[in-house]
Protein chains: 6
Amino acid sequence: MIDGFACKPADKVAETDFFFAGLAGTKPSAAAAPLGSAVTAGDVLAIPGLNTLGISMSRIDYAAAGGLNPPHLHPRASEILFVIAGRLEVGFITAAGKLVSKTVSKGQVFVFPQGLMHFERNKDDVLATAIAAFDSELPGTQRVPVALFAAVPPVADFVLARAFGLETEVVKKIEAGITPKN
Amino acid sequence: MIDGFACKPADKVAETDFFFAGLAGTKPSAAAAPLGSAVTAGDVLAIPGLNTLGISMSRIDYAAAGGLNPPHLHPRASEILFVIAGRLEVGFITAAGKLVSKTVSKGQVFVFPQGLMHFERNKDDVLATAIAAFDSELPGTQRVPVALFAAVPPVADFVLARAFGLETEVVKKIEAGITPKN
Amino acid sequence: MIDGFACKPADKVAETDFFFAGLAGTKPSAAAAPLGSAVTAGDVLAIPGLNTLGISMSRIDYAAAGGLNPPHLHPRASEILFVIAGRLEVGFITAAGKLVSKTVSKGQVFVFPQGLMHFERNKDDVLATAIAAFDSELPGTQRVPVALFAAVPPVADFVLARAFGLETEVVKKIEAGITPKN
Amino acid sequence: MIDGFACKPADKVAETDFFFAGLAGTKPSAAAAPLGSAVTAGDVLAIPGLNTLGISMSRIDYAAAGGLNPPHLHPRASEILFVIAGRLEVGFITAAGKLVSKTVSKGQVFVFPQGLMHFERNKDDVLATAIAAFDSELPGTQRVPVALFAAVPPVADFVLARAFGLETEVVKKIEAGITPKN
Amino acid sequence: MIDGFACKPADKVAETDFFFAGLAGTKPSAAAAPLGSAVTAGDVLAIPGLNTLGISMSRIDYAAAGGLNPPHLHPRASEILFVIAGRLEVGFITAAGKLVSKTVSKGQVFVFPQGLMHFERNKDDVLATAIAAFDSELPGTQRVPVALFAAVPPVADFVLARAFGLETEVVKKIEAGITPKN
Amino acid sequence: MIDGFACKPADKVAETDFFFAGLAGTKPSAAAAPLGSAVTAGDVLAIPGLNTLGISMSRIDYAAAGGLNPPHLHPRASEILFVIAGRLEVGFITAAGKLVSKTVSKGQVFVFPQGLMHFERNKDDVLATAIAAFDSELPGTQRVPVALFAAVPPVADFVLARAFGLETEVVKKIEAGITPKN
């Protein structure tokens, strides 16, 4: 649990504290995003009533033909992903270095254990959409490429170069291509 | 957390342990159910990989024109409900006796805090479907009418009669109309 | 844990923060209550020192000859009940629909697992009293009949009618007979 | 939570798993005990249904005129004490070294925060009895004098001598006077 | 978790919130302390960034030839001790009264389960130093002799006398020799 | 907590269950490792007594002149790092994309919040060593480059290429240079 959010007095609680419309509708932003995916978060920042309840939900949209939610992790939550539309290639890597992956179609679910890196990719020629639930009201997210290659201030080049076995100029090229928008 | 489920050795873990197809497809059972709703559970009994992860997901289908998921509760989890199709009247009652309710349309979400009684109802003339996520791998469910009026062995008539202010014959009539299938 | 209560500075802590006299003495209110039972709560609202400690205690008094603590649940706690005086018929219903019940006499204890509906009834001709402990400093309580049939605003009649298999006029009769005082 | 206890299949659960008669009746053992107190535990070892529920209960009897539950602690639980009969002097010491103490009479309660040393003493000329609830199904107990001066194998004399500022012969005298029965 | 500490807004977080220099350097205070040991705490009071993270660290220095960290306990945490310099006799007592002890040399670790009394002693002729980690950002500490014999206000002499089988004058002598500085 | 480890009967518990010598001595392996760092884990797999205690400890050795513990994360724990020898450049990236970094010298500590990517690097010309404590008995570790570029089976090249903005041939070059030994 993450504290720091105030509890409303019981008699001030309203139905809007437990409701969120932000996951509905069409989301054209995925196609425009650099990696072809867009996340809309329904966490405690969006839904005040989630405070102390230990659960939240996000929507992810994937552009056609390769829309990618790149390798990322949620530091405080496991995730269960439900595909609403389309078909996704998904996978996570275990702490022992095993890739656990699957093609998940509309109506099917896949689980990403807490804190492990995972990704989803839309290989088909139509938009795909998924709903993800988390066992935290504020699961947090780190997209690996953005966190490492577009941190502010930046992670030292030699750390990234040695870690990934890259020459410094390649590191600089990656950094130039990645922005926090990725 | 509920224990009692074995942990697989890491090298035996397979992608099927984290996958579930059972929430997909059409669910004609809702229309046939006495109350016009049918729940398909994606908990640790269906998805072994959920063990210790503290999350799970269910699908609920609602028949047209009144399909009802009657007042019920989950003893070990909060719930976040996402409407996939149709439109639902939903509500929960706080411990202070306040009804917190809302009409929730396709793509919108509503939250039911842990352990509180809640319900959903489809007022429209088309099928409705929702996905519910829980912060427990085995949230459990008690449908109030079934639990109280169709327990095995039965709850004593005078308990129910006095609790609800009913004459014993009315209790017996309710019991006759309710089965664990409700 | 429920947050929202302030922590006192350690040097301001007093013995009265950890003490409660409100469970002592005679409680004539049970006999006067509509269902013949009265609950006195010793939770964090009454005992500030319970904040963050995850425990609390209530006293329940039962009128002679049928005093009933009607089917209810605690959304955030398991309960262990100790009978101080008299003899009670108690029971809870499992998530699988099984009634687990027993006669519990003075000095004996019974356990109600977290979030499951349960009840106690005094069948004898003398007052009965019990102490209940909870693994939450604010377990909360929902009395099922009151929560469903006397919510403010009310739960729609057709929800209750269909859920319990009742005609609307019976629902209205139940509602008329139940007040939040029950 | 302490694991290591098996979960029963739901259909094997019986009412006796949730019931305990061992706290009832008269307990003559308190008067005979070296320190004039006797504890009867209603934890998961006595009540199998408590497994995973995070709660348990004990009964403590105190001989007249000085019956003492000596300074002790519960490593895994907070405690809330309810006096059934008689009157007790109780106290706990905070981590800051403050004694928080009170006289607690029949029907009153006092709280001992998790892991802190505390004690109860019967100053009156009649037996006293209390019920203690814990937010763990296996809270554990360490009576300080017994744990330190009657451990098996023994704590080295020089540790105890230096810690308490005692000469070794006094340590040996204390050890001779204390047995695990204390 | 202990609440009561404020969460900083994410954009105000600084590296100094997660850094602590107070465990470094030489600690001459151990030799001067009455029992020959000195503890420096790196808990949430010293490192604000530990708030909600559930971990903290202390340094303990032991004077040569008998420096003793006397029997004590941490009410809210287990401990893992790593010896940086020297060699320590360490032990804890289980709830069943068994002493679990060992000689732990530089670079070795020993574990003290949550809430159980334990101690460390430097038998060698050189200073010893250890680092202790806790699974709480505010584990708290009770040194048993100080807590019992130097509480403010004091624990009644007859409680201590009876608990330890001491004559009152011996209790008074212990009290005279122990101060909160011990 | 991770279950799946058996609890020993209390009378079978031995001091060796709570002891670990594996973090002591010299660790020449760091210099030989591809990235110049080597981790020795003292988790529940190495120390059986840690089961259910929620804490563990690792030692990390860093080769001189650039020994790197590359960007990695612990899916189930926060970490507190204590530098035993040498001096380290350390940092973690917040969920908001901020690098929080510091130079940490011998005897100083730094904190890495749960699940967030972090790294340590030895810039000096001497070996460096640190001790890391975790609030889990089995925190797990994912080294980002190894997990993503040396998973078995491999993560699809186009996922990595698009995520990091790399041409496929560069991805293949990284994969060729990284083995699970990194």
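Summary of computed values
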quantity	calculated
Test result for D:PRO180, in contact (Cβ under 8 Å) with a residue 12 or more places away in the chain and surrounded by fewer than 17 Cβ atoms within 10 Å (Cβ to Cβ)	yes
Residue, nearest to the other protein chains (Cβ to nearest Cβ), within the stretch C:22-33, restricted to residues that are closer than 15 Å to C:VAL126 by Cα, free of Cβ contacts under 8 Å to residues at least 60 places away in the same chain and not in a helix (DSSP H, G or I)	C:THR26
Residue in the stretch C:101-109 that is at the interface with another protein chain (Cβ under 7 Å from one of its Cβ atoms) and within 11 Å of the chain's Cα centre (by Cα) present	no
The listed residue being within 14 Å of chain C (Cβ to nearest Cβ), small (Gly, Ala, Ser), touching a strand residue (DSSP E or B) at 6+ places or on another chain (Cβ under 7 Å) and free of Cβ contacts under 8 Å to residues at least 12 places away in the same chain, out of B:GLY36, B:GLY115, B:GLY97, B:GLY67	B:GLY97
Hits in the stretch E:129-146 (condition: hydrophobic (A, V, I, L, M, F, W, C) and touching a helix residue (DSSP H, G or I) at 6+ places or on another chain (Cβ under 9 Å))	E:LEU138, E:VAL144
Flag if F:GLU89 is of a type in the set (D, E, K, R) and within 14 Å of chain A (Cβ to nearest Cβ)	yes
Members of the stretch E:118-137 found to be more than 7 Å from every other protein chain (Cβ to nearest Cβ), modelled with pLDDT of 95 or more and within 23 Å of D:PHE149 (Cα to Cα), listed by number	E:HIS118, E:GLU120, E:ASN122
Matching residues in the stretch E:118-136 - criterion: being touching a residue at least 60 places away in the same chain (Cβ under 8 Å) and not charged (D, E, K, R)	E:ASN122, E:VAL126, E:LEU127, E:ALA128, E:THR129, E:ALA130, E:ILE131, E:ALA132, E:ALA133, E:PHE134, E:SER136
Test: residue in the stretch F:3-20 that is β-branched (Val, Ile, Thr), within 23 Å of E:ALA132 (Cα to Cα) and surrounded by 16 or more Cβ atoms within 10 Å (Cβ to Cβ)	yes
Positions within the stretch F:98-117 being in a loop (DSSP other than H, G, I, E, B) and under 16 Å from F:VAL144 (Cα atoms), in sequence order	F:GLN114, F:GLY115, F:LEU116, F:MET117
Conditions (1) aliphatic (A, V, I, L, M); (2) modelled with pLDDT under 95; (3) crowded, with 24+ Cβ neighbours inside 10 Å: number failed by C:ALA32	(3)
Filtered residue count, the stretch D:70-83, keeping only those that are away from chain E (no Cβ under 11 Å) and in contact with a Lys or Arg (Cβ under 7 Å, 6 or more places away or on another chain)	1
Failed criterion for A:LYS12 (all others in (1) at pLDDT below 95; (2) in contact with a strand residue (DSSP E or B) (Cβ under 8 Å, 6 or more places away or on another chain) hold)	(2)
Test: residue in the stretch E:146-165 that is closer than 18 Å to F:ALA21 by Cα, touching a residue at least 12 places away in the same chain (Cβ under 8 Å) and facing chain D (nearest Cβ under 9 Å)	no
Enumeration of residues in the stretch F:43-59 that are in contact with a Ser or Thr (Cβ under 6 Å, 6 or more places away or on another chain) and closer than 25 Å to F:VAL146 by Cα	F:ASP43, F:ARG59
Condition broken by A:SER105, with the remaining ones in (1) surrounded by 24 or more Cβ atoms within 10 Å (Cβ to Cβ); (2) in contact with a Leu (Cβ under 9 Å, 6 or more places away or on another chain); (3) closer than 21 Å to B:ARG59 by Cβ satisfied	(1)
Qualifying position, being crowded, with 24+ Cβ neighbours inside 10 Å, assigned by TED's automatic domain parsing to the domain that holds A:THR26 and of a type in the set (Gly, Ala, Ser), among A:ALA77, A:ALA65	A:ALA77
Flag for E:PRO139 being within 30 Å of F:ASP11 (Cβ to Cβ) and touching a Lys or Arg at 6+ places or on another chain (Cβ under 8 Å)	yes
Qualifying residue in the stretch F:151-167 (condition: modelled with pLDDT of 95 or more and within 30 Å of F:ALA85 (Cα to Cα))	no
Which numbered condition C:LEU53 fails, given (1) within 28 Å of B:ARG143 (Cα to Cα); (2) at the interface with another protein chain (Cβ under 10 Å from one of its Cβ atoms); (3) surrounded by fewer than 24 Cβ atoms within 10 Å (Cβ to Cβ)	(1)
Strands (runs of 3 or more DSSP E) enclosed by the stretch E:52-95 - at least 1 residues per element that are within 12 Å of the chain's Cα centre (by Cα) and farther than 13 Å from E:THR129 by Cα	E:56-62, E:68-73, E:79-85
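The values are calculated or read from the model by the stated rules, or taken from the named source; none is laboratory data. What you are looking at is a predicted structure, and each value in this text was computed from that prediction instead of being measured. Quick reminder, even Gly has a Cβ in these numbers, built from the backbone with ideal geometry, and neighbours come from all protein chains shown.
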